[in-house]
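Just so it is clear, none of the values below were taken in a lab; they were calculated from the coordinates. In this text, all values refer to a predicted model and were calculated from it rather than measured experimentally. For neighbour counting, all protein chains shown are included, and Cβ atoms are generated from backbone atoms with ideal geometry for every residue, glycine included.
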Amino acid sequence: MKNNSSFLTKNRGILIFFAVMLLAPFLIGLFEGSTPLMIWGNQGSLSKFIEGLGIEIFILALFALSFDLLFGITGLLSFGHAMFFAVAAYLTGIALKTLAMPFWGVVLLVLLAAIVQALLFSLVLPRVKGITFTLVSLGLASVFHIIVMSSDMINLTGADVGLQGVPVPAFISPVTERLRFYVIALTLLVATYLFYRRFVASPTGRVCVAIRENEDRAKMLGYNTTIFKVVVMIISSLTAATAGMLHALYQPSISPSIADLGFTVTGLLIVLIGGVGTLSGAIVGAFAFRLLDFTLRRFMGESASFITGAIYVIFVLFVPYGIVGTIRMRQLRTKPGWQRLLGMVKPKN
Amino acid sequence: MTVRETIIETQNLTKYFGALAAVDDVSIKIQAGTLHAIIGPNGAGKTTFFNLLSGNLKPTSGKVFYKGMDLTGKPIHRMIHLGIGRSFQITNIFPNLTVHENIRLASQAMEDNNFHFLMDTAKMDRCEERTAEVVERVGLKSQSLLPARVLSHGDQRKLELGMILAPDPEVLLLDEPTAGMATEQVPELITLIQEVQQSGEKTVVLVEHNMNVVMSVSDKITVMHQGKVLAEGTPAEIAANHEVQTAYLGGLYDLKV
Ligand SMILES: Nc1ncnc2c1ncn2[C@@H]1O[C@H](COP(=O)(O)OP(=O)(O)OP(=O)(O)O)[C@@H](O)[C@H]1O
Ligand SMILES: [Mg+2]
């Protein structure tokens, strides 16, 4: 079972994605008649708009990826996942605005907070299982949502209005340095994805899959499953926090809606659309989700959410393995099919 | 036979389910390096007794000692590392993972790099070698890349056995390894168990309903009945035991050993 194929061939898909996404702003620039140099100087307006859409998708994809690691790979369904994202977003906002902390200090603080939160969620892991974990995580996140929304916190979080006017360091300003922001977000997404792929193929990752399939059996094989779940929780929380931090830096304001159940469900939907447990499905799903939402809203205004809702229900019912999952299964059948066909054509020797 | 050390000892082991004493004051000693069979009618408490030995259930009272060490309260995931493995009467595998992956996970647990999360599992050579060896040994080589759920019942039983062989424990607790298997497949599996036991000087505790098998492979037999130990002895002693004959074997088994 040795696999000696190189890094390039093993990760061809994501590397092509990376290259295409890097070129995309410049190609779009050609459509609107902007030279690459103008794009480089953040001048083309259509390409800037597309970069913005891209950044939003990359952030969603990072968030969905972190959800897939917990849910799709390890089998932990957290309904409090939005909290990992929201804590990072609010912390970034507050640290920059109210505390006026230096940027790298903020990054460090946010990542530390992500680990602490993961450990907090992990406290209940050895004791609860399945749906109980889902409900406990929902409870934890609801407490956070209530705190963010409370009027006592208005000076810090902006309560129900949200946190406005976060001063973003000039070198990654989403207005004047949008291309740079776009490349950073894209690179973080691709790097995280590559890391996740390796993780899932590692001994630790295989045990996580075993936990998803049959946790009791994994324990009896000799694995202290709690430790594995805590490790996954920390990795997932760090990823969601990275997404939350990017969100706070990119958006002009941080709305409390990113802390509620709806946002966790967005993550779940993206993973379902893309394919549970496939990792790449998180990226594909984020594109499908954001672009569908964008198009429908464009043509139908606010009533679009009804239609998007209906589309997702139908999608999940009829394409239960998601986009990537379905493609993989088809490959399984078409490959031997092609071989059989070739076998018929090729002369036997 | 040479004098053997006691490797597992239970003292007044008792387990109640509500008012039912599924295991009732069982004190037995299991000698290292022997094949010790536990027999008894359905509902006698054999599986419950196994669950107490393997840590899957906590006893209502009484203790289990392994090499003189009290096992009570030890977490389940420690057991295989102490040298005790068990298999299940009702097949307990990872149905959606391949046969190879099922066995590999069982063998990987004994490695010390389970937290290297940038390492490629396929490059853990010792683990891969062990996996291939065990897959071959239980006769599933040709099905190694199939998901475990598509295997026939008999092959799933072989996989179940493979998952306890892979980590190579000192003590193997086998709960009806041949349960539900086609009769012609039974001897093959029993021979494999005997080979493993004898070549590795292993201790095997075997629950088995097939009397011909039990009588021919066991060094010692414990007969359970309604949670209690009814009799204990060599196959010949058990076959000659009048109480066992009436209570359990009565007519079912031809006692000409
Ligand atoms: N979890 C449980 N809760 C309640 N009662 C149980 C439980 N497990 C077993 N029992 C009961 O305890 C008794 C002993 O069951 P056990 O499964 O240990 O018997 P066994 O000797 O393994 O039988 P078999 O030969 O059918 O496998 C039975 O009466 C059974 O109904
Ligand atoms: Mg039983």
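Positive end of the dipole of region B:93-168, charges at C-beta (+1 Lys, Arg; -1 Asp, Glu), about the Cα centre: which of B:Val134, B:Ala122, B:Ser152 has its Cα farthest in that direction?
B:Ser152
When the Debye formula is applied to the Cα atoms of region B:1-64, each taken as the same point scatterer, what base-10 log of I(q)/I(0) results at q = 0.24, 0.30 Å⁻¹?
Reported log10 I(q)/I(0), two decimals: -1.05, -1.39.
Give me the orientation-averaged projected area of the Cα convex hull of chain B, in nm², one decimal.
Numbers: hull surface 58.9 nm².
Result: 14.7 nm².
If you rank A:Trp40, A:Trp104 by fewest surrounding Cβ atoms within 10 Å, what's the result? Mind dumping the intermediate values first?
Values: A:Trp40 14, A:Trp104 9.
Going from sparsest to densest Cβ surroundings: A:Trp104, A:Trp40.
Counting only residues 5 or more places away or on other chains, whose amide H sits under 5 Å from the amide H of B:Ile38 once H atoms are built in the peptide plane?
Hits under the 5 Å cutoff: B:Leu206, B:Val207, B:Glu208, B:Thr222.
Considering Cα pairs under 8 angstrom that are at least six residues apart, work out the relative contact order of chain A and quote it in whole percent. If you can, show how the numbers build up before the last one.
Values: 462 pairs, mean separation 93.8, N = 349.
Once divided by the residue count of chain A, the mean separation gives 27 percent.
Would you tell me the mean number of C-beta atoms belonging to other protein chains that fall within 10 Å of each C-beta in A:114-124, as a whole number?
Mean shielding count: 0.
Listing A:Phe103, A:Phe17 from the residue with the fewest other Cβ atoms within 10 Å to the one with the most, what is the order? All intermediate terms of the calculation are to be shown ahead of the outcome.
Numbers: A:Phe103 15, A:Phe17 19.
Exposure proxy ranking, most exposed first: A:Phe103, A:Phe17.
Can you pull a Stokes-Einstein diffusion coefficient for region A:178-271 at 10 °C (1.306 mPa s), Rh from Kirkwood over Cα pairs, as a whole number of µm²/s?
Details: Rh = 15.5 Å.
For these conditions, the coefficient is 102 µm²/s.
Assigning unit charges at the beta carbon (Lys, Arg +1; Asp, Glu -1) and nothing else, what dipole magnitude in debye, to the nearest 20, does region A:13-265 show about its Cα centre?
Values: 13 positive and 11 negative charges, 138 e Å.
I would put it at about 660 debye.
Hey, fewest Cβ within 10 Å first, where do A:Ser236, A:Ser137, B:Ser152, A:Ser255 land in order? Don't jump to the answer; show the numbers that get you there.
On the way: A:Ser236 27, A:Ser137 22, B:Ser152 12, A:Ser255 19.
By the 10 Å Cβ count, ascending, the order reads B:Ser152, A:Ser255, A:Ser137, A:Ser236.
Could you work out the mean count of beta carbons from other protein chains within 10 Å of each residue's beta carbon in B:84-95? Please report the intermediate quantities before stating the final value.
Working: counts 0, 3, 1, 1, 2, 0, 0, 0, 4, 3, 8, 2.
Rounded to a whole number, the mean comes out at 2.
Using only the Cα atoms of region B:60-212, build the gyration tensor, take square roots of its eigenvalues as a ≥ b ≥ c, and label the shape rounded, prolate or oblate: rounded if a/c is under 1.5, else prolate if a/b is larger than b/c, else oblate.
Working: a/c = 1.70, a/b = 1.04, b/c = 1.63.
Since a/c reaches 1.5 but b/c is at least a/b, the shape of region B:60-212 is classed as oblate.
Just the Cα atoms of region A:194-338: what Rg and Dmax do they give in Å?
18.2, 56
Taking only the Cα atoms of region B:93-168, how large is their convex hull per residue, in Å³?
Numbers: hull volume 6.2 nm³, N = 76.
Dividing the Cα hull volume of region B:93-168 by its residue count gives 81 Å³.
Would you mind checking the radius of gyration and Dmax of region A:64-171 based on alpha-carbon positions, in Å?
Calculated on Cα positions, Rg and Dmax stand at 15.3, 46 Å.
Using a Förster distance of 45 angstrom, determine the FRET efficiency expected from the C-beta separation of B:Gln226 and B:Lys74, and round it to 0.05. Intermediate results must be reported in sequence, preceding the final value.
Numbers: r = 28 Å, r/R0 = 0.63.
That gives a FRET efficiency of 0.95.
Is the C-alpha gyration tensor of region A:154-204 telling us rounded, prolate or oblate? Criteria: a/c under 1.5 is rounded; beyond that, a/b larger than b/c is prolate, otherwise oblate. Display every interim value, and only then the final one.
On the way: a/c = 4.61, a/b = 1.68, b/c = 2.75.
Since a/c reaches 1.5 but b/c is at least a/b, the shape of region A:154-204 is classed as oblate.
Mean Kyte-Doolittle of at least 1.6 plus a Cα span of 24 Å or more along the axis: flag which DSSP H helices in chain A meet both, please. Mind dumping the intermediate values first?
Values: long enough: A:12-31 (28 Å, 2.32); A:45-68 (34 Å, 1.43); A:81-97 (25 Å, 1.37); A:103-122 (29 Å, 2.47); A:130-149 (29 Å, 1.99); A:178-201 (35 Å, 1.11); A:225-250 (37 Å, 1.47); A:280-300 (30 Å, 0.92); A:322-345 (34 Å, -0.07).
Within chain A the helices that satisfy the rule are A:12-31, A:103-122, A:130-149.
Search the structure for amide H atoms under 5 Å from the amide H of B:Thr6, placed 1.01 Å from N in the peptide plane, and list their residues when 5 or more places away or on another chain.
B:Ala32
If you average 1/r over all unlike Cα pairs in the protein assembly as shown and invert the result, what Kirkwood radius do you get in angstrom?
27.8 Å
Using the alpha-carbon centroid of each, what span in Å lies between region B:24-67 and region A:97-135?
Cα centres, region B:24-67 to region A:97-135: 44 Å.
Just grab the label-to-label distance for B:Asn96 and A:Ala191, each label 7 Å out from Cα along the Cβ direction, in nm (one decimal).
The two pseudo-label positions are separated by 3.1 nm.
Let me see the pair-distance distribution of region A:13-265: every alpha carbon pair, 5 Å bin width, integer percents in order.
P(r) over region A:13-265, rounded to whole percents: 1, 6, 13, 16, 17, 15, 12, 9, 6, 3, 1, 0, 0.
So what are the ³J(HN,Hα) numbers for region B:43-48, from phi and the Karplus equation (6.51, -1.76, 1.60; θ = phi - 60°), rounded to whole Hz, Gly and Pro as x?
Once rounded to whole Hz, the list reads x, 5, x, 5, 5, 4.
Considering lysine pairs in chain A that are 8 or more places apart or on different chains, how many have Cα atoms under 30 Å apart?
Here the count comes out as 15.
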